[in-house]
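Read through the structure below, which is laid out as structure tokens, and then see the notes.
The values are calculated or read from the model by the stated rules, or taken from the named source; none is laboratory data. These numbers were taken from a predicted model, which means no experiment stands behind them. Counting neighbours? That spans all protein chains shown, and the Cβs are built from the backbone with ideal geometry, glycine included. Quick note on the areas: whole protein, heavy atoms, side chains included, nothing else; ligands and nucleic acids left out. Shrake-Rupley method; radii C 1.70, N 1.55, O 1.52, S 1.80 Å.
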Amino acid sequence: RCSRDWSSDVCSSDLVEQSPVPMAMVTAKDNVIRLINDACLRFFGVPDANFTGRRLSDVEWSWVDRTPDGTIIPHDEEPIAKALRGEAVHAQLIQLTDSKGNVRWCEAEGVPIRDSSGNVIAGFIIFPDITARKRAEEEKEELQNQFAQVQKMESIGRLAGGVAHDFNNMLQAILGHAELALERVLPDDPLREDLE
């Protein structure tokens with residue numbers, strides 16, 4: 001809610017348009033895009049497109065929505081479709097892949113907008129770009145995997161060193177006893193060759 005005495009020079013469309021968070025609104029009765037800000041167009045890689053006033057189904061998108069495991073999200077399960085059905089969407093992780101194979105990530109939030117009778121009149125959605133965070137998480141996971149591999153190799157090295165040390169101790173005992181036996185055996189004894 002805004003204060004009534006707040007400047008009348010600023011309207012909600014200015015706030016939406018200048019927001020750095022990608023956002024859009026689609027009306028329920030006709031599925032027409034009524035609001036889409038520049039941040040949203042940049043996020044989806046179409047900064048010069050004009051989608052306002054066009055039906056959602058008439059827009060050619062250059063990207064595919066996927067779940068984090070790579071499964072394509074059907075159009076009726078996309079956040080805007082859910083919001084238009086009256087369902088709220090909270091932190092739905094979406095992987096976007098464009099026609100060139102570039103991948104971006106967002107954590108979509110969507111809400112239905114209702115009239116005074118409770119009927120859904122529009123769906124409003126924001127797409128916070130979390131690509132940098134996802135890449136950092138992937139790098140961290142890769143480093144953790146590399147660290148785990150180094151630890152395994154160190155463990156194997158310690159194990160091999162321990163085995164070699166134990167084996168060396170056994171060899172020293174065998175060599176010592178063989179030398180003592182050689183001192184007691186005559187030069188022409190047939191055992192001498194085996195002991196040597």
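Looking at the structure I just gave you, is Gln149 modelled with pLDDT of 85 or more and farther than 30 Å from Glu60 by Cα? Yes. The set of residues in the range 109-135 that are aliphatic (A, V, I, L, M) and free of Cβ contacts under 8 Å to residues at least 60 places away in the same chain comprises Val111, Ile130, Ala132. Only a single criterion out of (1) of a type in the set (A, V, I, L, M, F, W, C); (2) assigned to a strand (DSSP E or B); (3) open to solvent by 50 Å² or more (accessible area, probe 1.4 Å) is not satisfied by Trp105, namely (3). Scanning the range 33-56 for residues that are of a type outside the set (Lys, Arg), open to solvent by 10 Å² or more (accessible area, probe 1.4 Å) and either assigned to a strand (DSSP E or B) or farther than 23 Å from Thr131 by Cβ (or both) turns up Leu35, Ile36, Asn50, Thr52, Gly53, Leu56.
For the range 58-81, the set of residues classified as in contact with a strand residue (DSSP E or B) (Cβ under 6 Å, 6 or more places away or on another chain), aliphatic (A, V, I, L, M) and closer than 25 Å to Ile113 by Cβ consists of Ile73, Ile80, listed by residue number. Looking across the range 109-155 at every residue that is within 23 Å of Ala28 (Cβ to Cβ) and among the polar types (S, T, N, Q), the one that is surrounded by the most Cβ atoms within 10 Å (Cβ to Cβ) is identified as Asn119. Among residues that are assigned to a helix (DSSP H, G or I), among the basic types (Lys, Arg) and either in contact (Cβ under 8 Å) with a residue 24 or more places away in the chain or open to solvent by less than 60 Å² (accessible area, probe 1.4 Å) (or both), Arg158 is not included. Taking the criterion of being open to solvent by 50 Å² or more (accessible area, probe 1.4 Å) and either within 19 Å of Ile121 (Cβ to Cβ) or touching a Ser or Thr at 6+ places or on another chain (Cβ under 6 Å) (or both), the residues of the range 77-97 that qualify are Arg85, Glu87, Ala88.
Each residue in the range 161-196 was checked for being part of a helix (DSSP H, G or I) and either of a type in the set (A, V, I, L, M) or open to solvent by less than 100 Å² (accessible area, probe 1.4 Å) (or both), and 20 pass. Sub-8 Å Cβ pairs linking a first residue in the range 163-191 that is in contact (Cβ under 8 Å) with a residue 24 or more places away in the chain to a second residue that is open to solvent by 100 Å² or more (accessible area, probe 1.4 Å) and not acidic (Asp, Glu), at least 6 apart or interchain, number zero. Would you pick out the residues in the range 57-79 that are assigned to a loop (DSSP other than H, G, I, E, B) and β-branched (Val, Ile, Thr)? Within the range 57-79, Val59, Thr67, Thr71, Ile73 qualify.
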